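First comes the structure, then the notes that go with it.
The values are calculated or read from the model by the stated rules, or taken from the named source; none is laboratory data. On a predicted model such as this, the values are computed, not experimentally measured, just so you know. All Cβ positions, glycine included, derive from the backbone under ideal geometry; neighbour counts span all protein chains shown.
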Amino acid sequence: RQSWMDKLSSGLRKTSTNISQVFTGAQIDDHLYEELESALLLADAGVKATGFLLADVKRRVAASGATRPVQVKNILIASLTELLKPLEKPLVIGQYKPTVIMVAGVNGAGKTTSIGKLTKHLADEGASVLLAAADTFRAAAREQLAVWADRNTVEIVSQEGGDPAAVSFDAVSAGRARGKDVVLVDTAGRLPTQLHLMEELRKIKRVVQKADASAPHEVILVIDGNTGQNALTQVRAFDDALQLTGLIVTKLDGTAKGGVLAAIAQEKPVPVYFIGVGEKLEDLETFSAREFALALLA
Ligand code: GDP
């Protein structure tokens, strides 16, 4: 099986200006820095993080007296690692019983798949999990979640066409009554147009709080790493509405836009609990700043 680092770097290498190619020349000059700037922008690092990285790399190059492009590459790896470091934080459960984790994300981001992966990850760690199907609008979402629940042999609270907040309330109450370690609440990613998504999500959060005053303990947003700067816009909007505690960044196995993590680190540093590197249940990895930086520049 291909290692996740390989999958990650083969995806990240798809940029038309492969970042590591920038360092194949003979000398460190303006041309190198221009190429580096384009490559970072193409990888969707965004204007701010690109500007920050360029300035930081130039400063470090000057301080180190580096003369060869390959040294600049190593300096960039160090600079990027440091920028991404604040995103490196593990998801900790066990402080509350149950730990209530609300999961949000726009349709197609990989939310349902990620919940399946997360369920497996938690179950593998020995935690008992209860799933709440709070996306009551989409029958397909409920069904898909039920399939994941089945595969992970965990219980699910689901109610056709029910009120999403009520389903969430019931699930948290059931999780407490049944002594579960974790309640994972799957929320809708899009609603019929007359309803407001953020309003519904805020309501779920409020009602969950009524079932358990300390909950939700985690509010995780799933974003598609392929959507580049759009992912950053989503992080901002969902954080404003829900105060996110963490992210899952999916599809990093097939994207050339992984630089968006640098933009998130620069502009909205919400911890990246996990990254998705494939469609299978085991394709979930904890985020490491250094490994990500190495893969981006491989
Ligand atoms: P949702 O609408 O947000 O619930 O998205 P789904 O979980 O249904 O995922 C949408 C599509 O993305 C599906 O085809 C998934 O198999 C795929 N997907 C999800 N996560 C990943 C990932 O990390 N890598 C890859 N390659 N595909 C993914």
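So which of Ile28, Ile75, Ile93 is in contact with a strand residue (DSSP E or B) (Cβ under 8 Å, 6 or more places away or on another chain) and β-branched (Val, Ile, Thr)?
The conditions single out Ile93.
When you scan segment 52-64, do you find a residue that is within 23 Å of the chain's Cα centre (by Cα) and at pLDDT 95 or above, even just one?
For segment 52-64, residues within 23 Å of the chain's Cα centre (by Cα) and at pLDDT 95 or above: present.
Contact list please: Cβ distance under 8 Å, first residue in segment 86-113 and charged (D, E, K, R), second residue surrounded by 22 or more Cβ atoms within 10 Å (Cβ to Cβ) and part of a strand (DSSP E or B), pairs at least six apart or on different chains.
Glu88/Val272; Lys89/Val272; Lys89/Tyr273; Lys111/Val103; Lys111/Ala104; Lys111/Asp186; Lys111/Val222
Out of the residues in segment 150-160 that are under 15 Å from Leu118 (Cβ atoms) and at pLDDT 85 or above, state the one that is farthest from the ligand (Cβ to nearest atom).
The qualifying residue farthest from the ligand (Cβ to nearest atom) is Val154.
When only residues in segment 172-189 that are under 11 Å from Glu155 (Cβ atoms) and more than 27 Å from the chain's Cα centre (by Cα) count, which is surrounded by the most Cβ atoms within 10 Å (Cβ to Cβ)?
My answer is Ala174.
Considering only segment 116-136, state which residues are surrounded by fewer than 21 Cβ atoms within 10 Å (Cβ to Cβ) and among the hydrophobic types (A, V, I, L, M, F, W, C).
Ala123, Ala127
Among the numbered criteria (1) over 18 Å from His217 (Cα atoms); (2) out of contact with any strand residue (DSSP E or B) (no Cβ under 9 Å at 6 or more places or on another chain), which single criterion is violated by Ala165?
(1)
Any idea which of (1) at pLDDT 90 or above; (2) more than 13 Å from the ligand (Cβ to nearest atom) is the one Ala298 doesn't satisfy?
Unmet for Ala298, out of (1) at pLDDT 90 or above; (2) more than 13 Å from the ligand (Cβ to nearest atom): (1).
Give me the residue from segment 18-50 that is under 13 Å from Gly259 (Cα atoms) and outside any helix (DSSP H, G or I) and, out of that set, modelled with the highest pLDDT.
Of everything passing the filter in segment 18-50, Ala45 is modelled with the highest pLDDT.
Of these, Gly228, Gly254, Gly258, which one is of a type outside the set (Val, Ile, Thr), more than 14 Å from the ligand (Cβ to nearest atom) and at pLDDT below 95?
Gly228
Output the residues belonging to segment 213-234 that are among the aliphatic types (A, V, I, L, M) and part of a helix (DSSP H, G or I).
Ala231, Leu232
Within the set of pairs 6+ apart or on separate chains, which have a first residue in segment 209-233 that is of a type in the set (Lys, Arg), a second that is part of a helix (DSSP H, G or I) and away from the ligand (no atom under 15 Å from the Cβ), and C-beta atoms under 8 Å apart?
Lys210/Phe169
Being buried (at least 19 other Cβ atoms within 10 Å of the Cβ) and within 20 Å of the chain's Cα centre (by Cα) narrows it down to one residue among Ala39, Ala43; which is it?
Result: Ala43 is the single residue among Ala39, Ala43 that is buried (at least 19 other Cβ atoms within 10 Å of the Cβ) and within 20 Å of the chain's Cα centre (by Cα).
Need the failing condition index for Asp135 against (1) farther than 20 Å from Val249 by Cβ; (2) within 15 Å of the ligand (Cβ to nearest atom); (3) out of contact with any helix residue (DSSP H, G or I) (no Cβ under 8 Å at 6 or more places or on another chain); (4) not polar (S, T, N, Q), just the number.
(3)
So the check is Cβ under 9 Å with 6+ separation or different chains; which pairs have a first residue in segment 269-287 that's within 16 Å of Leu122 (Cβ to Cβ) and a second one that's basic (Lys, Arg) and within 11 Å of the ligand (Cβ to nearest atom)?
Going by the 9 Å Cβ cut-off, the qualifying pairs are Phe274/Lys117; Gly276/Lys117; Gly276/Lys251; Leu281/Lys117; Glu282/Lys117; Asp283/Lys7; Asp283/Lys117; Leu284/Lys117.
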